[in-house]
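The values are calculated or read from the model by the stated rules, or taken from the named source; none is laboratory data. Quantities reported herein were computed from a predicted structural model and do not represent experimental measurements. Glycine gets a Cβ as well: all are built from the backbone with ideal geometry, and neighbour counts include every protein chain shown. Side chains included, ligands, DNA and RNA excluded: accessible areas come from the protein's heavy atoms. Shrake-Rupley method; radii C 1.70, N 1.55, O 1.52, S 1.80 Å.
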Amino acid sequence: MQQFSLDGEWYLREAGAEKEIPVTVPGTVLGDYIREGLLPDPYYGENEKNITPLFEKEFEYRRSFTAPAELLEHDAVDLVCLGLDTLADLFLNGQHIASVNNMHRTWRFNVKSLLLSGENEILVRFHSPNAFIRQAFENGNITYVNTGNMAGSGYLRKAHSQFGWDWGPMLPDAGIWRSVFLETSSIARIGDVYISQEHEKERVTLHLKVRIDPLNRRRFWAADPRLSGVLKIWLSDGPAEEERVDLALDENEISFTIANPELWWPNGLGAHPLYGVELELYTDDVLLDRYQCRIGLRTMTISTEADKWGREFALTVNGVKVFSMGADYIPEDSVFPRINPERTRKLLEDCVKANFNSIRVWGGGYYPDDFFYNICDELGLVVWQDLMFACNVYTFTEDFTATVAEEVRQNMKRIRHHASLGLWCGNNEMEVAWSDWDTVKDHPKTVKADYIKLFEVLLPQVARETDPNTFYWPASPSSGGSFDEPNADDRGDVHYWEVWHGLKPFTDYRKHYFRYCSEFGFESLPEMDTIAAFSAPEDRNLFSPVMEAHQRCPGGNGKILFYISETYRYPKDFASLVYISQVLQMESIRYGVEHWRRYRGRCMGAIYWQLNDCWPVISWASIDYYGRWKALHYGARRFFAPVMVSIFDEGKNIRLFTHNETREAVKGTVRLTLRDREFHLLASDELPVDIPALSAGEVFARDYAAFVNTVERERSVFAEAVLLVNGRVVSRQTVLFVAPKTFSFKRPLYTLDLRETGDAFVITVKADTYCRFVQLKITGEDVVFEDNYFDITSGEGREILIPKAELRNRYTAVSLKAAVEILSVGDTY
């Protein structure tokens with residue numbers, strides 16, 4: 001099998017126009033028009049509103065290519081399109097090949113009979129997605145429109161979020177967004193390889209089910225060629241073990257045993273070794289085809305065993321029940337070809353820096369590229385993989401059934417062998433919508449029945465046939481299907497939005513003991529540098545047209561102000577408002593995560609909404625569009641720490657919990673202190689702790705009523721808990737006894753010292769008073785600090801490391817010190 005790439009230079013034009021522009025494939029209309037200066041930046045100001053109508057038009061991509069003579073000597077020559085977005089007709093040398101209508105799948109067509117020896121021309125004509133969904137909505141029986149979405153998006157197998165969401169713009173792009181190539185085959189090819197693992201003590205046996213497909217069965221039997229294979233297995237970059245095997249047409253089974261296997265573990269629980277697997281298909285000594293993948297040796301499933309609280313929902317890896325910690329992933333850009341391995345690796349490495357062990361791929365975007373899963377394999381990030389159905393209503397027509405079944409089958413085959421794949425999930429929020437949302441429940445019962453057919457009959461059957469070793473879950477949230485209390489506390493997974501949408505206080509999280517919370521969130525503004533990228537100075541008012549254009553949650557900016565009014569004093573300027581919004585977001589998510597981690601065993605997952613943005617926007621993300629960490633991501637590094645201390649505060653009573661999400665017991669020391677804002681020590685307790693592996697528990701309680709006994713004292717003291725292991729602080733947390741708006745913060749006087757040490761700089765920041773959530777910034781840099789949004793709780797201040805690799809520019813200690821900016825709560829009003 002050989003591939004002849006058709007990527008590279010193509011020509012793009014509006015259908016019917018004479019003028020065309022040179023473009024590069026993979027690419028899209030939006031990306032190409034922006035690059036050529038034909039469109040302004042759609043993310044700036046309110047430009048998006050004028051760009052959405054562009055996709056009322058049709059567009060044509062074309063290119064010429066020379067087909068080598070040897071290409072036509074093969075039995076089959078297929079045109080393979082890995083991604084066409086979305087409605088298109090394909091032509092080769094003026095002959096119509098096919099019409100396509102699904103961006104989530106690969107399209108393959110045998111074009112040998114249409115190819116010419118020498119010059120050929122291929123043309124792809126894309127039709128308007130806007131016009132298609134508008135007409136489908138007008139003629140169909142679906143009335144539901146998701147928040148921020150264009151009506152009718154559910155009728156088209158295109159990333160729903162391209163039509164807008166409550167965090168994303170309406171930019172329904174079009175184009176050849178993944179690679180295109182010609183692929184040749186002769187005699188026979190490898191049709192499918194499915195690998196199962198059998199784990200026993202000190203060995204793992206791989207069982208390969210291999211299907212060999214003839215190109216022409218009648219001619220194959222007439223020629224009667226002898227088929228054979230070579231199976232190779234290797235660890236990382238080590239030498240390969242090789243075994244020759246006999247192969248026949250159709251189904252084959254091969255087994256291979258690995259002695260002393262190195263097991264794959266999620267981040268924080270062990271290493272992530274990967275094994276290469278390669279199978280070559282031969283007839284005599286002629287190579288016909290090759291299959292390659294990487295696997296991790298592990299068992300992985302979701303345990304839903306009954307227990308005293310109901311039914312657990314616990315990720316289980318190599319027999320170990322894991323508390324899942326992470327966030328929900330959305331497309332990294334509204335222009336999909338901008339998403340590349342370097343950008344994705346940076347984002348996922350930032351997840352590991354924040355102690356994630358899991359990531360949920362949300363169902364309203366697209367199935368990520370192979371490099372996404374490769375990186376998750378390497379980093380130990382377990383992937384909860386939604387199928388691409390979200391917040392929509394679907395009708396179970398014959399055409400729809402056929403295309404989504406093939407879409408899911410293809411993507412399961414592509415992704416299923418990745419070590420990081422944890423589970424398949426049928427959809428996002430469609431079961432709960434049919435149960436709880438009036439705008440969905442109003443649809444005919446026949447449409448509700450279509451939901452069951454799709455997510456509880458068809459797609460589970462595809463999963464059983466295609467990837468029986470991976471856990472399938474019908475929806476998120478769900479209790480297991482059949483509209484049985486999809487958001488129940490005692491089983492399955494939950495989406496909880498009463499904090500934020502319901503304006504409940506952060507403490508409301510403590511009323512709920514969800515088995516696994518796969519969505520909960522709180523919005524904040526992005527960094528000022530990010531806001532400057534889409535606005536002019538005069539736009540930087542929370543309720544200006546531009547700021548509201550970059551806030552897609554209805555009433556979202558008002559919700560931010562509501563929570564500020566409940567917790568903090570009114571910020572003195574816009575920059576302070578940005579900072580306080582991020583602090584609120586960080587604290588909101590911390591309340592939920594720490595509560596559920598305290599009840600490990602009953603609660604086994606905290607996946608917050610959301611990790612990232614697809615454009616610069618006010619949103620729930622912890623990392624903004626430009627990759628800048630918000631306060632929440634620094635908070636995640638602390639509240640997802642594998643070994644941690646947390647404070648449960650009730651009035652004047654402080655309860656300390658320790659947490660250990662590793663496979664090794666930990667010995668340490670917990671120190672609890674009470675100080676006033678001038679750092680005077682009022683009370684102190686210290687105790688040794690033995691923290692069992694994979695545990696959480698209460699270790700100490702202290703009632704400070706005798707010390708915090710006046711209004712003045714309430715407003716001027718704080719408690720701090722510190723966990724030390726081997727004499728080193730691994731976790732710390734501070735609490736106040738009143739809301740921050742009531743606390744008597746003094747305006748701090750900071751002192752700053754900065755020294756150079758090898759490949760890093762060390763900042764020592766001190767203050768003359770207690771400082772809450774100290775933010776460090778370096779002018780002109782996007783630095784990920786060792787820690788940020790931290791408290792200064794003593795005269796010793798804090799030392800913070802800055803790796804030189806994080807800095808774009810060269811500095812001396814003196815020049816870097818001059819660039820450091822400091823802000824804390826006491827500076828904001």
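Once the 1.4 Å probe is applied to the protein heavy atoms, the chain comes out at 38 Å² accessible per residue. By a 1.4 Å probe calculation restricted to protein chains, Lys209 has an accessible surface near 120 Å², given to the nearest 10.
Against the criterion of solvent-accessible heavy-atom surface with a 1.4 angstrom probe, Phe65, Phe483 sort, most first, into Phe483, Phe65. Using the alpha-carbon positions of the chain, Rg (one decimal) and Dmax (whole number) come out as 28.6, 97 Å. The accessible area of Thr28, taken with all protein chains in place and a 1.4 Å probe, comes to roughly 10 Å². Dividing the Cα radius of gyration of the range 307-442 by its Kirkwood radius returns 1.00 for Rg/Rh.
Residue separation times 0.36 nm, minus the C-alpha to C-alpha distance between Asp508 and Arg343: what's the value?
55.8 nm
Tally up the carbon and sulfur contribution to the accessible surface of the range 645-774 as a whole percent, 1.4 Å probe, everything protein left in place.
That share works out to 46 percent.
Remark: spin-label model distance Phe109-Asp89 equals 1.1 nm, labels positioned 7 Å along the Cα→Cβ axis.
Working note: Karplus 6.51/-1.76/1.60 with θ = phi - 60° gives the range 435-441 the couplings 8, 10, 9, 4, 5, 9, 4 Hz, where Gly and Pro are set to x. Computed from Cα positions, the angle between helix 370-379 and the longest principal axis of the chain comes to roughly 40 degrees. Within the range 728-769, which residues have the backbone N less than 16 Å from the label spot 7 Å out from Ala701 along Cα→beta-carbon, could you tell me? No residue qualifies, since no backbone N sits under 16 Å from the label point. Note on His199 and Thr397: the extension gain reaches 67.1 nm, defined as 0.36 nm multiplied by sequence separation minus the Cα-Cα distance.
Accessible area of Phe707 (1.4 Å probe, protein heavy atoms only, ligands and nucleic acids ignored): about 60 Å².
Could you compute Rg(Cα) / (2.2 N^0.38 Å) for the range 718-800, with N its residue count?
On the way: Rg = 14.1 Å, N = 83, 2.2 N^0.38 = 11.8 Å.
Normalised Cα radius of gyration, the range 718-800: 1.20.
Over all pairs of different C-alpha atoms, the range 544-644 has a mean inverse distance whose reciprocal, the Kirkwood radius, equals 14.8 Å.
Of the solvent-accessible surface of the range 245-394, computed with a 1.4 Å probe and all protein chains present, 47% belongs to carbon and sulfur.
Other residues within the sphere of radius under 11 Å centred on the Cβ of Val447, judged by their own Cβ, net out at +2 (K and R +1, D and E -1). These residues, Glu46, Glu18, Glu756, go from largest to smallest accessible area, 1.4 Å probe, as Glu18, Glu756, Glu46. Sorted largest first, the principal axis extents computed over the alpha-carbon atoms of the range 626-758 equal 45, 39, 29 Å.
Using a cut-off of 29 Å between Cα atoms, the listed pairs Lys201/Lys346; Lys49/Lys630; Lys201/Lys353; Lys158/Lys346; Lys158/Lys448; Lys353/Lys766 include Lys201/Lys346; Lys201/Lys353 as exceeding that distance. Summarising the label geometry, the points placed 7 Å from Cα in the beta-carbon direction at Ser228 and Phe371 lie 3.9 nm from one another. Using bins of 5 Å that start at zero, the share of Cα-Cα pairs per bin across the range 665-821 amounts to 2, 8, 16, 17, 15, 15, 13, 9, 5, 1, 0, in whole %. Between the C-alpha center of the range 286-319 and that of the range 670-739 there is a gap of 40 Å. In this Cβ point-charge picture (+1 for Lys and Arg, -1 for Asp and Glu), the chain has a dipole of about 1980 debye about its Cα centre. Separation of the range 583-637 and the range 328-349, taken as the distance between their Cα centroids, equals 18 angstrom. For the chain, take the longest principal axis of its alpha carbons; what is the angle in degrees between that and the long axis of helix 398-415, to the nearest 10 within 0 to 90? The helix 398-415 is inclined about 70 degrees to the chain. For the range 1-37, the residues whose amide N sits under 17 Å from a probe point set 7 Å from the Cα of Thr66 along the beta carbon direction are 4-7, 9.
For the chain, what is the calculated [θ] at 222 nm in deg cm²/dmol (nearest 500), taking -39500 (n - 2.57) for each run of four or more DSSP H residues and dividing by its residue count?
-6000 deg cm²/dmol
Per-residue extension of 0.36 nm, minus the Cα-Cα distance of Lys413 and Lys209, leaves a gain of 72.2 nm for this segment.
Grab the beta carbon distance between Val762 and His501, set R0 = 30 Å, and tell me the FRET efficiency rounded to 0.05. Computed FRET efficiency for Val762 and His501 comes out at 0.10.
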